[in-house]
Amino acid sequence: MQITQKSNIPTTNAPVVDRMIGSGAIILGKTTMCDYGMLASGYSSKFGPTRNPWNLDFNSGGSSSGSAAAVAAGMCPVAVGTDIVGSIRNPASFCGLYGHKPSFGRVPFYPQTSPAVCAGPISRSVEDMALLLNVISRPDSRDPSALPYHEIDYMEAIKGNVAGLKIGFMPDIGFGPPPDDEVLKLCCEAVKSFKKMGNQITEIKAPFSQEDIAKGENFYRTRALAELSLLPPKVQANGKVINEWAQKAKDYSGVDHYRDYLGTQELRSRMFEVIKDYDLLMLPTVPYHHIGRRIPV
């Protein structure tokens with residue numbers, strides 16, 4: 001794990017930065033994020049809350065909170081975020097934007113810090129997202145897990161009608177708080193719209209339960225504890241919520257951690273089995289809350 005500090009000045013760029021600079025992009029700077037990328041909110045113990053540009057009393061989401069806030073505020077047309085379990089998609093949803101987590105390995109990532117982390121675009125339009133993905137998906141030899149490069153023009157791929165698709169509609173993910181009635185109503189209206197376009201919509205049952213998600217939570221709790229142990233105690237204490245959450249893994253053994261890892265892979269396989277027959281999935285998005293209010297999980 002690498003910690004951003006005044007004295008820690010990188011001597012090389014991440015692959016996505018090199019690709020953007022090589023294509024003529026102007027890099028405005030680095031945006032803030034929540035502590036250790038482990039929160040669904042835009043709160044940093046260093047800088048405080050990253051506020052939602054649409055309403056400063058509201059949250060910008062996390063973990064790529066600064067990227068989404070910058071795009072929503074019009075500071076830049078696109079930004080790069082990173083995502084394991086929603087850190088691009090959550091803030092994009094909170095801020096009324098488009099956020100895309102590419103397939104693992106599609107966008108070269110270095111240095112690797114997780115078996116599931118991806119870099120991807122956040123933008124105000126699908127066209128801008130496709131343009132950025134054209135650039136950042138180009139190959140980089142530093143990432144051994146990167147997929148073979150295919151010269152896909154995403155700008156061309158998004159053209160044409162959205163018709164004749166098999167779409168799975170999952171109104172509930174199977175864990176956490178149930179969707180709000182108003183959100184479900186809007187989702188059902190969207191389903192009707194896609195049907196009118198000539199698509200086949202099938203409602204599917206979520207393949208997860210709260211007990212299943214505990215496996216993934218335990219795995220990432222152990223990861224967080226390992227990363228926190230690299231920091232001085234004073235720095236650890238700043239991230240109180242994450243620190244308290246991670247400390248629950250202090251008695252885990254290596255065997256426990258490996259079993260939880262296998263559990264996450266089983267959940268991944270289960271999800272692929274559900275979605276293999278569909279071109280797209282439609283799901284309710286996440287809520288946005290006032291600054292200081294904890295989001296129920």
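The values are calculated or read from the model by the stated rules, or taken from the named source; none is laboratory data. Since the model is a prediction, treat every value here as computed from it, not as a measurement. Glycine also receives a Cβ, built like all others from the backbone with ideal geometry; neighbour counts cover every protein chain displayed.
Going by the conditions given, is Val80 modelled with pLDDT of 90 or more and part of a helix (DSSP H, G or I)?
no
With (1) among the small types (Gly, Ala, Ser); (2) at pLDDT 95 or above; (3) over 25 Å from Arg268 (Cα atoms) as the list, and Ala163 as the residue in question, which single condition is left unmet?
Only one criterion is unmet by Ala163, namely (2).
Which residue is farthest from the chain's Cα centre (by Cα), if the candidates are limited to segment 169-221 and must be among the hydroxyl-bearing types (Ser, Thr, Tyr) and closer than 19 Å to Gly86 by Cα?
Across segment 169-221, the extreme among qualifying residues is Ser209.
Can you name every residue in segment 83-123 that is in a loop (DSSP other than H, G, I, E, B), closer than 17 Å to Met33 by Cβ and either in contact with a strand residue (DSSP E or B) (Cβ under 8 Å, 6 or more places away or on another chain) or among the β-branched types (Val, Ile, Thr) (or both)?
Scanning segment 83-123 gives Ile84, Val85, Ser87, Ile88, Cys95, Leu97, Lys101, Phe109, Thr113, Val117.
Looking at Ala130, Ala79, Ala116, Ala92, can you tell me which residue is small (Gly, Ala, Ser) and under 25 Å from Thr11 (Cβ atoms)?
Ala79
Check Leu147, Leu132 and return the single one that is in a loop (DSSP other than H, G, I, E, B), of a type in the set (A, V, I, L, M, F, W, C) and under 19 Å from Val16 (Cβ atoms).
Leu147
With respect to Gly74, is the statement that it is free of Cβ contacts under 8 Å to residues at least 24 places away in the same chain and in the same structural domain as Ser137 (by TED's automatic domain parsing) true?
yes
What number of residues within segment 43-58 satisfy the criterion of being in a strand (DSSP E or B) and surrounded by fewer than 18 Cβ atoms within 10 Å (Cβ to Cβ)?
5
Do any residues in segment 173-201 that are surrounded by 13 or more Cβ atoms within 10 Å (Cβ to Cβ) have Cβ atoms under 6 Å from those of residues that are polar (S, T, N, Q) and outside any strand (DSSP E or B), where the two are at least six apart or on different chains, and which pairs are they?
Listed by first residue and then by second, the contacts come to Gly174/Ser209; Phe175/Gln210.
If I go through segment 13-42 residue by residue, how many of them are modelled with pLDDT of 90 or more and either in a loop (DSSP other than H, G, I, E, B) or surrounded by 15 or more Cβ atoms within 10 Å (Cβ to Cβ) (or both)?
The total comes to 19.
Looking at Gly74, Gly61, can you tell me which residue is at pLDDT below 95, more than 14 Å from Val16 (Cα to Cα) and assigned to a loop (DSSP other than H, G, I, E, B)?
Answer to the selection: Gly61.
Hey, among Gly86, Gly66, which residue is surrounded by 23 or more Cβ atoms within 10 Å (Cβ to Cβ), closer than 30 Å to Asn243 by Cα and not assigned by TED's automatic domain parsing to the domain that holds Thr264?
Exactly one of Gly86, Gly66 is surrounded by 23 or more Cβ atoms within 10 Å (Cβ to Cβ), closer than 30 Å to Asn243 by Cα and not assigned by TED's automatic domain parsing to the domain that holds Thr264, namely Gly66.
Here are some conditions: (1) acidic (Asp, Glu); (2) over 30 Å from Arg223 (Cα atoms); (3) in contact (Cβ under 8 Å) with a residue 24 or more places away in the chain. Asp153 meets all but one. Which one does it not meet?
(3)
Within segment 237-273, restricting attention to residues that are of a type in the set (Val, Ile, Thr) and modelled with pLDDT under 90, which residue is farthest from the chain's Cα centre (by Cα)?
My answer is Val241.
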